[in-house]
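What follows is a set of notes on a single structure, which appears directly below.
Where a number appears in this text, it was derived from the coordinates with a stated rule and is not lab data. Quick caveat, the model's predicted, so the values are computed rather than measured. Glycine gets a Cβ as well: all are built from the backbone with ideal geometry, and neighbour counts include every protein chain shown.
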Amino acid sequence: MTLRPEEIRRVAELARLELSPEEEARYGAQLARVVEYIDQLSGYEPSRHPREEALVEQPDEVQPSLPLERFLDNAPERLDRFLVVPQVKKVDGG
Amino acid sequence: MGEARGQGPELLDLTAQEIASRVRTGEVTAAETVDLALARIAELEPRVGALLRPGQLDDAARRSAEAIDARRERGESLGPLAGVPVVVKDNLSIEGQPLTCASRILDGYVAPYDATAIARLRAADAVIVGQSNMDEFAMGSSCENSAVQQTRNPWDPERVAGGSSGGSAAAVAAGEVPLALGSDTGGSVRQPAALCGVVGFKPSYGRISRYGLVAFASSLDQIGPIARSVPEAALLYESLAGSDPRDATCSERPVEGLGESAADDGGRAAPPTLEGLRIGRLREIDSSGLEDEVAAQWQSTLRQLSACGAELVDVSVPSLPAAVAVYYVIANSEASANLARYDGVRYGRRVAGGGSLRELNRRSRSEGFGPEVKRRIMLGTFALSSGYYDAYYGRAVGVARAMSEQFESAFSQVDLVVTPTSPSVAFRLGERVEDPLAMYLSDVFTTPANLCGLPALSVPCGLGGSSGLPLALQLLGPRWADREVLRAGAAFESASGWNRRVAPGAAAREESSSAS
C-alpha cells in the first residue's frame, strides 16, 4: 500500500497537524513502510471486541474536584473564569 | 563491590530494604541519605543525562527527608521505603512541579495534584529526588525522541539507555538512586532495564493506579518499578499496588508480592526457588531474529533455568509474530485520541497566529510535538479513519484477543513463559533514528504482555560475549500471577550470580570518590 500525498494531507487535517511539504514527503514514506508492515494483519478477522476488563464501580456520590483556579493556572490565556480562544462564531452571518 | 565500605556514598549502594531499615532504626537519617543521593546525582548527571531539570527537586527532597526524620524522633514508625531516594519518570504528576513528558508542548505546565503512585511513594516515606528523561510522551525505545536531552547508557556512553523509561533505568544503573518508577505501554520499563543491566517489572494491567499518569494508550499503560534486584523492585511494587477509587481499571484484588514491604524480615516465607516450576519456551521465537550474542546467551540461560530445577516445556502462541504490528495499531490509535487534549487551549504551549481556533490548534500541535509523536498520531488517526477502521484497528483488536486466548492456553500447560527481553543489546546513539520500523521491531518480546494484560519481569542474565553489554531474560505469567513472576525472577537472580552488578561508569565514580 502506498500513501498518496492527498491521503497524508487528509490524515494530517483529521489529526489537527500542519505539515510542511518536506514533512509530508518524509512522514509519507515512513508511514507507508509502517503501513506495509502492519498489512500482515490482513490475514486475520476483524473484531469489535477487545479484551474484557472488569471495571471497579464507585457509589454515585459527588466528590471534591480540582479547584477551578488550579486548573486555570495552567491556561495559556484566560479572562476571569474563562479560557480565551479566537472567535469561533462568525458575526455577520457569513 | 568486594572492598570494605564506610558510611560514605556507599550507603547508596545498599539495597532499598537495607537503607530503609537503617533509617527506621535511626542508624542513618533520611536527610543524610538524600544528601548523598543529591551529591551523587550532581556528580554523575553531566555524563548520564538521566534526569530532566536536575536540582529542581533538591529543596523539596530535603524538606521531605527532614519531616521523615522528625517523625521518627517523635517515636512514629516509618514506612517500608523510609528515606529511600527515588527517581520518577516525567509523565507522573507531582503536585506543584513541572510535568513535561519530555515534550515542548508541555513547557511551563505545572502538575496541579499528585498522581496516586506519587502519593503512595510519600505514604511509604520514600523521597523523590528527580524526574527522569524519557522518549517524548513515552513513544520510543531509546530516549532519542526526548525533545530535551539524550540519556546515555551507563555501560557505554555512546549507546542508548533504551526507552521510553531510559532516564529511570540509567539513574538506577549508574547508582544515582536505588529505585525508580517508569511506565510500560509496550516494554518501556522492561527494555531500558534490560539494556542498562537492572531489573524492570510491568505488573498485571490493573495493579497500579494510573491516576495522574499522562495517558498514552489507556488499554496498555501500566506503571512499573526499576531496581537493581528483584526483591527491591518487589518492595516498590508492593508499596504502590492496590485499588484506587480514582482509577476504575485498578483492581480490588489483594496485592501479593514477595512480602518485601513487611518492615520485619523475620516472618518471610521460604526463599523463592525454580524447583518444580514448569517454564514455557515459545516455539515462535526465531533465533535468526536475535543478535548473535543474545542468541548465545539465550541458550545458556535456558540451560541455567533447567539446572535450577525448572522443567522447560515447548508452548505455542501462534500470533506472536504479529505482536508488533498489532501493538503499533492499537497503541497509536489510542494515542491519537489521548493526545487530542493538547490543543493549545486548556494547558501547555499555545502558538497563536492566523484567525481561527482550528489554526491555533494546528499550529500549537505542530510546533509542540516532535517528529515521532506526529508520526504516531498520524498512524493512529489513519487506522481509526473512515474506510480503514476494520482493516487496521478492528483486525488488531481481533489478533490481540486471540493472543490472550493463546497465552491462556499456554498457561494451562506451564506456570510461566520465558523469552529474551530484547533481541539486541543497547544500540548505538543515532543508529535507528531514521528507521522507525527497525526501532519498533525491537519491541517484539515485550508488547505481548501489554496486549494481554500479563505481568512481565526483566532480569539481567549476563553480559554479551563480544560487546560486554547487559543481556536480560523476561518472565511472563498469567494475569494476576505477579507474585509467581517475582518469585521466579528472584530465584533466577540468586542463582545467576549477577548480584546487583554496577555499570562501569558507576565503577569509575567509586574510584574517583574513594580517591577524593
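Data overview
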{"item": "Total charge dipole magnitude, region B:1-142, about the Cα centre, Cβ charges on Lys, Arg, Asp, Glu only, Debye to nearest 20", "result": "240 debye"}
{"item": "Rg in Å to one decimal, and Dmax rounded to a whole Å, for the protein assembly as shown via C-alpha atoms", "result": "23.7, 83"}
{"item": "Packing-based ranking, highest mean first, of B:75-84, B:474-483, A:72-81 given that Cβ atoms within 10 Å are counted", "result": "B:474-483, B:75-84, A:72-81"}
{"item": "Distant-in-sequence amide H partners of B:I128 (H built 1.01 Å from N, under 5 Å)", "result": "B:V86"}
{"item": "Cα-Cα P(r), chain B, percent of pairs per 10 Å interval", "result": "4, 20, 32, 27, 13, 3, 0, 0"}
{"item": "Shielding by partners - mean other protein chain Cβ count within 10 Å, residues of B:371-378", "result": "5"}
{"item": "By average C-beta atoms within 10 angstrom, highest first, the peptides B:423-436, A:16-29", "result": "B:423-436, A:16-29"}
{"item": "Spin-label proximity, A:E7 to region B:383-417 - amide N less than 14 Å from point 7 Å beyond Cα toward beta carbon", "result": "B:383-389, B:391-392"}
{"item": "Inter-label distance for B:A248 and B:R358, nm, one decimal - labels placed 7 Å from Cα along Cα-to-Cβ", "result": "3.3 nm"}
{"item": "Long-range HN-HN contacts of B:L179 with modeled amide H, under 5 Å", "result": "B:V87"}
{"item": "Reachable lysines, given that their alpha-carbon falls under 17 Å from the alpha-carbon of B:K89 and they are not under 8 places away in the same chain", "result": "B:K202"}
{"item": "Sparse-neighbour loop sites [GluC sites (Glu not before Pro); region B:296-372; at most 12 other C-beta within 10 Å; DSSP]", "result": "none"}
{"item": "³J(HN,Hα), Karplus 6.51/-1.76/1.60, whole Hz, each residue of region B:475-490, x for Gly, Pro", "result": "10, 10, x, x, 3, 6, 8, 4, 5, 5, 5, 5, 4, 5, x, 5"}
{"item": "Point-to-point label distance, B:D35-B:E73, nm (Cα→Cβ direction, 7 Å offset)", "result": "1.4 nm"}
{"item": "If the convex hull is drawn through the Cα atoms of chain A, its volume per residue in Å³", "result": "285 Å³"}
{"item": "MRE, 222 nm, helices only [DSSP H, n ≥ 4, -39500 (n - 2.57), over chain B, to nearest 500]", "result": "-11500 deg cm²/dmol"}
{"item": "For B:C461, distant residues with modelled amide H under 5 Å away", "result": "B:L471, B:A472, B:L473"}
{"item": "Burial ranking of peptide ranges B:444-450, A:41-47 (average Cβ count within 10 Å, highest at the top)", "result": "B:444-450, A:41-47"}
{"item": "Karplus 3J(HN,Hα) series, Hz, for region B:325-334 with 6.51 cos²θ - 1.76 cosθ + 1.60 (x for Gly, Pro)", "result": "4, 4, 4, 5, 6, 5, 4, 7, 4, 5"}
